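The structure appears below as C-alpha cells.
The values are calculated or read from the model by the stated rules, or taken from the named source; none is laboratory data. Just so it is clear, the model here is predicted, and its values are computed rather than measured. Counting neighbours? That spans all protein chains shown, and the Cβs are built from the backbone with ideal geometry, glycine included. The protein model used for the area step is the full one, side chains on, heavy atoms only, and it has no ligands, DNA or RNA in it. Shrake-Rupley method; radii C 1.70, N 1.55, O 1.52, S 1.80 Å.
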Amino acid sequence: MTKGFSMTYAVLILTAAALGGCKVETDDLNAQTQEVQGIVMSPSSLTIKIGDAATIGARISKWNASTSSPIAWTVEDSNIASVTQEGIVTGLGIGETDVKASAGGKTGICHVTVIDSRIPADSLKFDVEQLRINVGKKESVKATVYPSNSTDAPVWTSSDESVATVDAAGVVTGKKCGYATITAKAGDAVTSVTALIHGDIWLEQVDALIKPTTFENHPFETDTIRVARGETATVQMMVYCDKDEGTITPSITQFALKGETGIAINPELHWVRNVKCTPHWDQWAGGAAPDRYPQEQLLIPDALMPLEDWTVDLPNGNQTAFWAEFDIPRDAPAGIYEGIAKIQGYDSGELPFTVEIYDVTLPEKQTLDIMQWINGDLKAMNNGKENEMYANYDLIENVIVPFVSKYGQNSFNSQYYQTYYTGRKLVKNASGEWEMTADFSTLGREIEMYYRACPDLHYVQGPNIIASAKDKTDGLLVMLGIELNDDGSPKCTDNGDGTYSPVWTYVDQRDQYSPEVEMYLKLYFQAMEKYLKSHSLPDGRTYLDVYLQTLCDEPNDKTAPAYMRVASYIKKGGPEIKIMDPLGTHKITDEYLDVPCPCIDVLKGEEGYEYTDKQIPWIYCAMGPQGNGLNRFIRIPLIKTRLIHWLNYRYNTVGFLHWGLNYWHGAPSENPWKDAYGEFIGGDMWIIWPGNKKVYPSIRLSAMRDGIRDYELLKMVGQKSKAESDAMCRKIVTDTWNYTTDIEAFRAGRKAILDYLSGK
C-alpha cells in the first residue's frame, strides 16, 4: 500500500515540474524521415597491436535519417588492417591506415595505427662464459632475455655443426674436438659463447701472461697472438685429463702461413714446472702485494723445463701447462700463421691456434741496457759441490751468459772481487810524483770473456769499493786508504826495485775530507783508467767504453754526502770512468754519478728522478718495491714482471739493473728446487734455475724479455710521434704504483702499437 502510493506521488511531482516551466529538449518522434547528414565514428582514432582486434562503432546522423542499405565497412590498406561488416578491426602489419564506414553517400573515418605486438629484447646473457664439453656429451646453456617481459625468444645456432650442434632449447652436443661458437639471438639482441669440445685428454690455450696455477680456473684463449718480426710468440697450452694413464708428450704438428702446411718456424717446447715457494712477505717493508697468490698455496709455476729434461705423468683430474716459443726471424713473411698443438698419451688431443706476424721488424741491436748481477757461487750447477774458479768462469762464459743473452740481458758484473787488491804498489814517475801500479789483467780477461759470450755486450760493472757499509743508516762509509806522513806523502816501504808498498788504513768516511782515502783512490783509479783506455775489444770499443764503476750499494739520504766525497776522489784520478750505482736517494749530483739507478719505489713526480743531460738514466729494482709496486716475485701475477720495462719507457730511461740472476746459495740447503724461500723474498734472488752444467729459464725471465721488446716497439712509435708513444704507454703504466693488470687491456695496447707501426 505504501509503496504504490510513493510511486504515484513521484510521477505527479515530475509532471508538475514539467508543466511548471522546466523545459526538456526532445526530438519530435513524429518528425518525417530525413537524408543522411554524416557518419559518426566511435572512436575516431584507434591504436592496436598486430594480431589484436577491436570494434569501431558507426552511427548515422541525424537519428531519423533513412538509407536504402546498411553501413558498409572498408579499409584503405588491407596489409595493415582488416575490418568486418560488423566494424571489427584486426591489426595485420605495422603502419597506419583509415577504416571507413559509408551509408547514404556519407563516410565516417577512424584512423587506425597498428604497432608491433612484441616487447623487444634489449640484451641477452648466458649463464656461462665458456663451455667445455666431452665429445658425445650434452650440456644445456641458459640465455636470459632482458627485459624480463620481452616477448622475444632465443634462436640458437652453432658456427660449426661438425664440432658442436645446438637445439631449440639451447642444448649443446659435442661432435668432435675443436672450437664452435654457440650464438643465441632474440630479436636484435645477440650474444655468444665459445664451446671447446674435447676428448679424455685435451688442450686449452691460455694467455701466456697468466701463470698456469693448478688451484685456479683459467679461461681458455681463442684470440690471435700478435708479434713483430724479431719478437718471440709464446703459445701456452693447458693440458687436462679425465683418466689415469701415465706419461704425456706435447708437440706442434703445424705452423705455417694460412693456406700452407708444415712447420715454417720451429718452436722450443717447455713444460711449466711448479716450484715450492714458501711465503714470507710480512718480514719485509712495504708488506705483501694485495694480488699475491694465497699463502696456503705453496706450488707456483715458474721454471721452464725442456721436454728432454722433464717428464710429466698427469693423474686423473689434474692439469699442467707447456709453452711453445717461436722466435720470429727478422725476414719472416708477415701474415696470419695457423698452428696446431697436440698432446699425446693414453689418448690424444689437438687444438688450433693463430699467430699474426706484423710487417714490423725490431732493430738488430737492442737499445735497452739490461744488467743482471751474476753470482759466482755455482755449486747448484755442480750437484752441490764447490767449483774451482776456472770452472765457474767456464760455466759463466759458455752456459749462463750465452743463455741469458737470448733473453735480452746484455750487461754483467765483474766476478773477480779481489781486482782492487792485486799487485798494488807505488812508484815515482820522472817528475817525482807518486803513481800506482796494479794488476788489472783479471778484470780485462773478464771483459773479454763477457764479450765472447755476449757479442752485443753493453757494459761490465766493477764491484763496490766501499770496505764496509754496516753503519750506512748513520751515514757512515768505511773506506780503505793509505797512511800519510806529516808532509802528506804516503807512508810506504821501499822494495828496492823502484816500487814501494804502502801502509794501508781504514777510514770512517762521512762528509769530511779524508786525505788518506783521496790518496789511495786518486792513484788507483788513475792507474785503472790508463789500463782501460789502452785495451780494446774486437769491435773497436775500449774497455773504458764498457766499464761502469760502483761504489756503494743503494746509498741513501744519510750516506749521500759521504758518497759524493768518495766519488770526488775517484774523479780526480779517473775522470773518464763512469760511476753507476743503485740508489735510494735523490741527493747525489751529476758531478759524482754518471749512471744513476734509482730504485723504482723512490721514483717520484712526473719525471721520477732528476736526471741531467750529463747522465745515462737507468732504473733499478730488487727486494723493493713491495706492496703494490711492480716487481718480479714468484708469488705475484706475471704481467707485473713484464710491465717493469714499460716503466723504463714511461720515465725515458735507457737501462735497467736487477741484482739477482742466480743467487741460489740463498735457498735452504743451497738448493732452490727445495724451496724458493731464502735469505730474501722468494724469487727475487734468481730468475733462472740450475741444472747439471746447464740452466733453465723461468716464465718471469720470458716475461722480462717480452717487456724489453715492448720497450723497443714503444721507442719505434716514439720515433714517429713521441706524444703517441707516451699516450700508448700511459694507458698501461702510469707509474710504479699505478698500472693495469687487465690482460685484455694489455693485449689491446700491444695491438694498437703494432697496428700503428704497420700502418693499419
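A Förster radius of 22 Å combined with the Cβ-Cβ distance from LYS406 to ILE263 puts the calculated FRET efficiency at roughly 0.60.
The alpha-carbon atoms of region 139-264 define a convex hull whose volume equals 186 cubic angstrom per residue.
Shape class of region 80-137 from the Cα gyration tensor (axes a ≥ b ≥ c, square roots of the eigenvalues): prolate, since a/c reaches 1.5 or more and a/b is larger than b/c. When the inverse distances between all different Cα atoms of region 620-733 are averaged and flipped, the Kirkwood radius reads 15.1 angstrom.
With unit charges on the beta carbons (Lys and Arg positive, Asp and Glu negative) and the dipole taken about the Cα centre of the chain, which residue among TRP310, ILE39, ASN375 sits farthest to the positive side? It is ILE39, whose Cα lies furthest towards the positive end. Over the chain, the reciprocal of the mean inverse Cα-Cα separation, the Kirkwood hydrodynamic radius, stands at 32.8 Å. Summarising the overall dimensions of region 140-187 from its C-alpha atoms, the Rg and Dmax are 11.8, 38 angstrom. Looking at region 118-179, the GluC sites (Glu not before Pro) that sit in a DSSP loop and have at most 13 other Cβ atoms within 10 Å of their own Cβ are GLU129, GLU161. Between the C-alpha center of region 502-525 and that of region 693-760 there is a gap of 46 Å.
Applying 1/(1 + (r/R0)^6) with r as the Cβ-Cβ distance of VAL427 and ASN692 and R0 = 41 angstrom yields a FRET efficiency of 0.30.
Our compactness index for region 708-750, the C-alpha radius of gyration over the empirical 2.2 N^0.38 Å, is 1.12.
Using only the alpha-carbon atoms, how far is helix 2-19 inclined from the longest principal axis of the chain? Give it as 0 to 90 degrees, nearest 10. Around 90 degrees separate the two axes. The smallest convex shape that holds all Cα atoms of region 76-189, its convex hull, gives 130 Å³ per residue. Charge dipole (Cα centre; +1 on Lys/Arg Cβ, -1 on Asp/Glu Cβ; no other charges) of the chain amounts to roughly 1040 debye. Equivalent ellipsoid of region 676-760: semi-axes from √(5λ) of the C-alpha gyration tensor, largest first, are 32, 16, 11 Å. The angle separating the long axis of helix 441-453 from the principal Cα axis of greatest extent in the chain is about 30 degrees. Each part gets one Cα centre, and for region 67-87 versus region 570-646 those centres are 89 Å apart. Oblate is the label for region 616-663, because a/c, from the alpha-carbon gyration tensor with a ≥ b ≥ c as root eigenvalues, is 1.5 or above and a/b does not exceed b/c. Note that region 369-450 shows a convex hull volume over its alpha carbon atoms of 113 Å³ per residue. In this structure, the amide hydrogen of GLU356, modeled 1.01 Å from its nitrogen in the peptide plane, lies closer than 5 angstrom to those of ILE225, ARG226, VAL227, TYR337, counting only residues at least 5 positions away or on a different chain. Placing a pseudo-label 7 Å from each Cα along the Cα-to-Cβ vector at THR222 and THR181 gives an inter-label distance of 0.7 nm. Taking every Cα-Cα distance in region 545-698 and sorting them into 5 Å bins starting at zero, the pair-distance distribution P(r) comes out as 2, 9, 17, 18, 17, 14, 12, 8, 4, 0 percent. Within straight-line reach of LYS425, meaning a Cα separation under 17 Å, sit the following aspartates and glutamates at least 8 residues removed in sequence or on another chain: GLU433, GLU435, ASP439, GLU483, ASP494, ASP497, GLU516, GLU518, GLU529.
Evaluate the charge dipole of region 182-271 about its Cα centre and quote only its size in Debye, nearest 20, assuming +1 on the Cβ of each Lys and Arg and -1 on the Cβ of each Asp and Glu.
Rounded to the nearest 20 debye, it is 320 debye.
From the Cα gyration tensor of region 560-607, with a ≥ b ≥ c the square roots of its eigenvalues, which class applies: rounded if a/c is under 1.5, or else prolate if a/b is larger than b/c, or else oblate? It comes out prolate by the Cα gyration axes.
Could you work out the equivalent-ellipsoid semi-axes for region 424-574, taking the square root of 5 times each eigenvalue of the Cα gyration tensor, largest first, in whole Å?
Square roots of five times the eigenvalues give 27, 23, 11 Å.
Once every DSSP H run of n ≥ 4 in the chain is given -39500 (n - 2.57) and the sum is divided by its residues, what mean residue ellipticity at 222 nm do you get, rounded to the nearest 500 deg cm²/dmol?
Calculated mean residue ellipticity at 222 nm is -5500 deg cm²/dmol.
Note on LYS522: accessible area approximately 90 square angstrom, rounded to 10, probe 1.4 Å, nucleic acids and ligands left out. Using the Cβ-Cβ distance between SER61 and HIS111 with R0 set to 25 Å, the FRET efficiency from 1/(1 + (r/R0)^6) comes to roughly 0.85. What does DSSP give for the chain in terms of the percent of beta bridges that are antiparallel, rounded to the nearest 5? Approximately 75 percent, going by the DSSP bridge assignments. Using the average count of surrounding beta-carbon atoms within 10 Å as a protection proxy, the listed peptides 531-537, 259-265 rank, highest first, as 531-537, 259-265.
The residues of the chain expose, per residue, 45 Å² of accessible area to a 1.4 Å probe. Going through the cross-link list LYS604/LYS715; LYS365/LYS572; LYS379/LYS587; LYS578/LYS731, which pairs have a Cα-Cα distance over 29 Å in this structure? LYS365/LYS572; LYS379/LYS587; LYS578/LYS731, as the Cα separations exceed 29 Å there. Rounded to the nearest Hz, the phi-derived 3J(HN,Hα) couplings of region 742-757 under the Karplus curve 6.51 cos²θ - 1.76 cosθ + 1.60 (θ = phi - 60°) are 6, 5, 4, 5, 5, 5, 5, x, 4, 4, 4, 5, 5, 4, 4, 5, where x marks glycine and proline.
Listed by chain and number, the lysines whose C-alpha is less than 17 Å from the C-alpha of LYS342, apart from same-chain residues fewer than 8 away, are LYS176.
The simple spin-label model puts a point 7 Å past each Cα toward its Cβ; for THR741 and ALA72 those points are separated by 8.2 nm.
Can you return the lysines within cross-link range of LYS62? Criterion is Cα-Cα under 20 Å, with same-chain partners fewer than 8 residues away left out. LYS62 reaches LYS100, LYS106.
Applying 0.36 nm per residue to the separation of ALA169 and ARG118 and subtracting their alpha-carbon distance, the gain on full extension is 16.3 nm.
For the chain, the longest principal axis of the alpha carbon atoms and the long axis of helix 699-720 meet at an angle near 80°. Computed 3J(HN,Hα) for region 336-345, one whole-Hz value per residue from the Karplus formula 6.51 cos²θ - 1.76 cosθ + 1.60 where θ = phi - 60°, is 8, 10, 9, x, 9, 9, 9, 10, 10, x, glycine and proline marked x.
For the chain, with all protein chains in place and a probe radius of 1.4 Å, 49% of the accessible heavy-atom surface sits on carbon or sulfur.
The modelled label-to-label distance for the pair ALA153/ASP331, using points 7 Å beyond Cα in the direction of Cβ, is 6.3 nm. On full extension, the segment bounded by VAL190 and ARG452 gains 88.3 nm, given 0.36 nm per residue less the C-alpha separation.
Other residues whose C-beta falls under 14 angstrom from the C-beta of VAL83 contribute a net charge of -4, scoring Lys and Arg +1 and Asp and Glu -1.
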